[in-house]
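Heads up: the structure comes next, in structure tokens.
The values are calculated or read from the model by the stated rules, or taken from the named source; none is laboratory data. Fair warning: this is a prediction, and the values are worked out from it, not measured in the lab. Here the Cβ positions follow ideal geometry from the backbone for every residue, glycine too, while neighbour counts run over all protein chains shown. Note: areas computed on protein heavy atoms with side chains; ligands, DNA, RNA excluded. Shrake-Rupley method; radii C 1.70, N 1.55, O 1.52, S 1.80 Å.
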Amino acid sequence: MGDKTPRLAMVAGEASGDLLAGLLLGGLRARWPGLAAQGIGGPKMAAQGFEAWWPHHKLSVFGYVDALLHYREIMGIRDQLAQRLLADKPELFIGVDAPDFNFGLELKLREAGVKTVHFVCPSIWAWRGERVRKIARAVDHVLCLFPFEPALLQQHGIAATYVGHPLADAIPLDPPKAASRRALGLKDGDTVVALLPGSRKSEIRFIAQPLLQAAALLQLARPELRFVMPVAPGLAELITPLVQRFAPNVNLQQLDGRSHEALAACDITLVASGTATLEAALFKRPMVIAYRMHWLNWLRIRSRRYQPWVGLPNVLAREFLVPELLQDDCTPEALAAAGLSWLDDPARCEAVQARFMEQHQLLRCNTAQIATDAIAKILNKA
């Protein structure tokens with residue numbers, strides 16, 4: 001098809017997928033200014049001209065319990081989307097993360113002759129290695145965020161390209177701490193803790209409470225502390241009552257989104273495991289990684305883990321650079337103690353910030369350009 005402007009379909013679930021897809025779309029649109037892309041997405045994608053037939057938060061579920069509760073709605077959306085795309089086939093489908101939703105869709109489209117790309121290699125190196133067989137059937141190519149992933153996929157005959165992480169390109173090597181503090185009304189001399197409880201409703205249910213209780217304990221220990229909490233779109237109605245109940249006396253500023261400003265402005269962060277931990281590392285912020293989930297989900301995941309690390313900065317380092325407090329260990333007391341240990345040890349903070357700089361430089365390789373070149377090659381083979 002040469003290098004004519006393609007028509008793409010994309011699906012991104014939840015805030016992290018929308019962020020990644022928006023950055024990718026920026027690179028694609030630089031190559032093909034008239035690019036048309038439709039499917040499921042969020043505001044970051046819409047800013048790049050994406051036409052969302054369904055909002056990305058419809059796919060924002062985690063674990064088997066949450067998925068079962070929303071199964072009929074989600075499968076209904078997937079069936080409708082598949083019918084629409086099969087009736088008017090795009091040149092390429094790009095599934096951005098959301099593997100449980102996207103793999104089934106990609107398989108249908110690929111069997112019908114549509115080229116399929118999956119952006120973000122599922123964490124087969126962490127758990128659920130059996131997914132590799134599903135990947136091999138469903139996708140023509142995988143765009144990988146981390147350098148060790150393509151070799152794992154290629155062992156199973158799956159074409160893959162390491163593209164780096166688009167956040168490493170988007171986030172400056174030297175974060176704008178002073179400017180971000182001014183934008184948030186914070187003083188240069190303030191000691192600031194960012195609370196990031198996650199972007200899924202299930203994460204708010206399980207993680208926000210211990211984070212807020214930890215903030216209350218930190219405030220008692222250090223009355224001068226300031227706290228900022230970015231709130232993902234649509235979650236304020238869940239978080240505000242929790243703040244009023246568990247952290248009524250905490251000097252806490254709730255933010256409408258603005259997570260990058262919060263991370264740039266803070267000294268340390270208490271953060272839910274996920275993409276936000278990598279963002280915190282790219283902002284060079286010492287962190288305490290927290291996670292809790294429904295006990296049935298925890299039993300399933302715990303029994304199928306392949307490595308001791310969960311947080312992305314630790315996975316990249318292959319060691320515990322930062323503490324992880326998961327499930328029963330994710331208590332307010334433990335979170336507060338881990339936060340204080342960072343605040344009380346500037347030398348340790350400097351050491352981990354140097355390691356984060358190394359990770360940033362490793363992942364920064366003009367992701368949008370590399371990914372766009374890989375997609376162009378795939379399209380030219382069609």
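One line per residue, one yes/no per condition, for (1) assigned to a helix (DSSP H, G or I); (2) farther than 30 Å from His141 by Cβ; (3) at pLDDT 90 or above:
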{"site": "Leu296", "(1), (2), (3)": "yes, yes, no"}
{"site": "Trp309", "(1), (2), (3)": "no, no, no"}
{"site": "Ala347", "(1), (2), (3)": "yes, yes, yes"}
{"site": "Gln361", "(1), (2), (3)": "yes, no, yes"}
{"site": "Cys365", "(1), (2), (3)": "no, no, yes"}
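Considering only residues that are under 19 Å from Pro233 (Cα atoms) and either part of a helix (DSSP H, G or I) or of a type outside the set (A, V, I, L, M, F, W, C) (or both), which ones fall in region 24-50?
Once the filter is applied, which keeps residues that are under 19 Å from Pro233 (Cα atoms) and either part of a helix (DSSP H, G or I) or of a type outside the set (A, V, I, L, M, F, W, C) (or both), region 24-50 yields Gly41, Gly42, Pro43, Lys44, Met45, Ala46, Gln48.
Among the candidates Leu86, Leu81, which residue alone is of a type in the set (A, V, I, L, M) and open to solvent by 30 Å² or more (accessible area, probe 1.4 Å)?
Leu86
Can you tell me which residue is farthest from Ala272 (Cα to Cα) among those in region 324-333 that are touching a residue at least 12 places away in the same chain (Cβ under 8 Å) and in a helix (DSSP H, G or I)?
Glu333
Among the residues in region 198-206, are any surrounded by fewer than 21 Cβ atoms within 10 Å (Cβ to Cβ), out of contact with any Cys (no Cβ under 9 Å at 6 or more places or on another chain) and modelled with pLDDT of 95 or more?
No.
Right, Gly113: surrounded by fewer than 20 Cβ atoms within 10 Å (Cβ to Cβ) and either aromatic (Phe, Trp, Tyr) or at positive phi (or both) or not?
Against the criterion (surrounded by fewer than 20 Cβ atoms within 10 Å (Cβ to Cβ) and either aromatic (Phe, Trp, Tyr) or at positive phi (or both)), Gly113 qualifies.
Does any residue in region 29-49 that is on the phi < 0 side of the Ramachandran plot come within less than 6 Å, Cβ to Cβ, of a residue that is open to solvent by 80 Å² or more (accessible area, probe 1.4 Å) and modelled with pLDDT of 95 or more six or more places away or on a different chain, and which pairs are these?
Close Cβ pairs (under 6 Å, with a partner that is open to solvent by 80 Å² or more (accessible area, probe 1.4 Å) and modelled with pLDDT of 95 or more) amount to Gln38/Glu51.
So, Gly2, is that one open to solvent by 40 Å² or more (accessible area, probe 1.4 Å) and modelled with pLDDT under 95 or not?
Yes; evaluated as a whole, the condition is true for this residue.
Out of all the residues in region 336-361, which are over 30 Å from Ala221 (Cβ atoms) and open to solvent by 60 Å² or more (accessible area, probe 1.4 Å)?
Glu358, Gln361
Using beta carbons and a limit of 7 Å, which pairs, at least six apart or on different chains, have the first residue in region 362-382 and surrounded by 15 or more Cβ atoms within 10 Å (Cβ to Cβ) and the second one small (Gly, Ala, Ser) and not in a helix (DSSP H, G or I)?
So the pair list comes out as Leu363/Gly164; Arg364/Gly164; Cys365/Gly164; Thr367/Gly164; Ile370/Gly164.
Going through region 181-207 one residue at a time, which ones are over 21 Å from Ala15 (Cα atoms) and in contact (Cβ under 8 Å) with a residue 24 or more places away in the chain?
Across region 181-207, the qualifying residues are Arg181, Ala183, Leu184, Gly185, Leu186, Asp190, Thr191, Val192, Val193.
List, please: which pairs have Cβ atoms under 9 Å, are six or more places apart or on different chains, and start with a residue in region 139-156 that is of a type in the set (D, E, K, R) and end with one that is assigned to a helix (DSSP H, G or I) and open to solvent by 30 Å² or more (accessible area, probe 1.4 Å)?
Asp140/Arg110
Which residue out of Leu167, Leu145, Leu173 is of a type outside the set (Phe, Trp, Tyr), open to solvent by 40 Å² or more (accessible area, probe 1.4 Å) and closer than 22 Å to Pro313 by Cβ?
Only one candidate qualifies: Leu173.
If we keep just the residues of region 5-47 that are of a type in the set (A, V, I, L, M, F, W, C), touching a helix residue (DSSP H, G or I) at 6+ places or on another chain (Cβ under 6 Å) and farther than 20 Å from Leu105 by Cβ, which is surrounded by the most Cβ atoms within 10 Å (Cβ to Cβ)?
Per the criteria, the residue is Leu19.
Considering region 262-282 alone, what residues qualify as being assigned to a loop (DSSP other than H, G, I, E, B) and open to solvent by less than 10 Å² (accessible area, probe 1.4 Å)?
Cys266 - this is the single residue of region 262-282 that is assigned to a loop (DSSP other than H, G, I, E, B) and open to solvent by less than 10 Å² (accessible area, probe 1.4 Å).
When only residues in region 224-236 that are of a type in the set (A, V, I, L, M, F, W, C) and part of a loop (DSSP other than H, G, I, E, B) count, which is farthest from His56 (Cα to Cα)?
For region 224-236, the residue satisfying everything is Leu225.
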